[in-house]
Amino acid sequence: MSRRIQSDLIICRDCDTIYEYKHTKVRQPVHCTVCGHHLYEKKTRFIHRGFSFALTALILFIPANLFSLINLDKVGNNRNAVVFDGVIDFFRYGKVACGISLFLFCMIFPLIHSFTQAYVCFGLLYKVKLPGMVKALKIHQKVAYWTMIDVYILAFFVVLIKLGDIAHVKLMTGIFFVFAYLIASLAANYACDNVMLWRRLREFTYDE
Ligand SMILES: [Zn+2]
C-alpha cells in the first residue's frame, strides 16, 4: 500500500516515486509505473464496509481471547488454554522476549488495528469529528505491519501437530472465534484502501 504525502500526492512505498492522485473508476487498481506496486483502488462504500468489518473484528476479539483454544490432556493432567496462557507460559519458562512478542503482536496490535479503523470509519460514516482521527489513522497504518495473529494461528497448528504425539488435544470454541476474528479483520483490511481513507478524512477534517 502507498502512503499519502500531501493533499493530492501519493508516494510509492517500494520505489518512492511520487504520483498525483487521479480519480479512477471503482475497482480499478492503480499501480506504480516504475515497479508495479499497488498504489490505491477506489472501492464502493468502503467506509461503511470498513466500519462494519472492523467493529465485527473488535467484537469477535473478546470471545477469541476469553474462550479456551484447546483442551490438553497429558497423562491425566487436563488443562484448557486461552491465548493469554501462551504469554504466561513463555514468561514461566524464561522466554520473556517471546512472551512480550506474543502479547504485542497477537493481542495488543491487532486490537489497536481494528479499533483505530472502527474509530476513524465511525467518525467519517456518521460525520462526527472525533478527537485524534488523523492520529488514529496514522497508528492504524503503523500497526498494520505488526499484527501477526495469522502467524500465531499457523504456529499454533504446528505445535498442535507436534503435541499430538505426546498428549490428547481437543480444539475448543475459542479457536473458531480466533478464525472468525481473523476473517473479519482481513475483510476490514480489504474493504478499506488507506489512500481513499486518507482522502476522505482530509476532506472531512478540512470541511469546517
Ligand atoms: Zn514503485
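Once backbone amide H atoms are built at 1.01 Å from N, Met172 has Ile70, Asn71 as its partners under 5 Å, excluding neighbours fewer than 5 places away on the same chain. A compact globular protein would have a Cα radius of gyration near 2.2 N^0.38 Å; the ratio found for segment 1-145 is 1.39. The angle between the Cα long axis of helix 109-125 and the longest principal axis of the Cα atoms of the chain comes to about 40 degrees, rounded to the nearest 10. When the helices of the chain are scored as -39500 (n - 2.57) per DSSP H run of n ≥ 4 and the total is divided over every residue, the value at 222 nm lands at -17500 deg cm²/dmol.
Before anything else, pin down the relative contact order of the chain: Cα pairs under 8 Å, at least 6 apart, normalised by residue count, whole percent. About 29 percent, as a whole number.
Of the peptides 134-143, 92-101, the order by per-residue mean of other Cβ atoms within 10 Å, starting with the highest, comes out as 134-143, 92-101.
Note on segment 45-191: lysine pairs with Cα distance below 20 Å, sequence gap of 8 or more or different chains, count 7. In degrees between 0 and 90, to the nearest 10, how far off the longest principal axis of the chain does helix 46-66 point, with axes built from Cα atoms? Taking the Cα atoms of the chain, the angle to 46-66 is about 20 degrees.
Think of each Lys and Arg Cβ as +1 and each Asp and Glu Cβ as -1; about the Cα centre, that makes the dipole of segment 45-191 roughly 540 debye. Straight-line cross-link reach from Lys22 at under 19 Å between alpha-carbon atoms covers these aspartates and glutamates, not counting any fewer than eight positions away in the same chain: Asp8, Glu41, Asp193, Glu203. When peptides 165-171, 43-49, 118-124 are sorted by average Cβ neighbour count within 10 Å, with the highest value leading, the order is 118-124, 43-49, 165-171.
Where a number appears in this text, it was derived from the coordinates with a stated rule and is not lab data. Since the model is a prediction, treat every value here as computed from it, not as a measurement. Cβ sites come from the backbone with ideal geometry, for glycine too, and all protein chains shown count toward neighbours.
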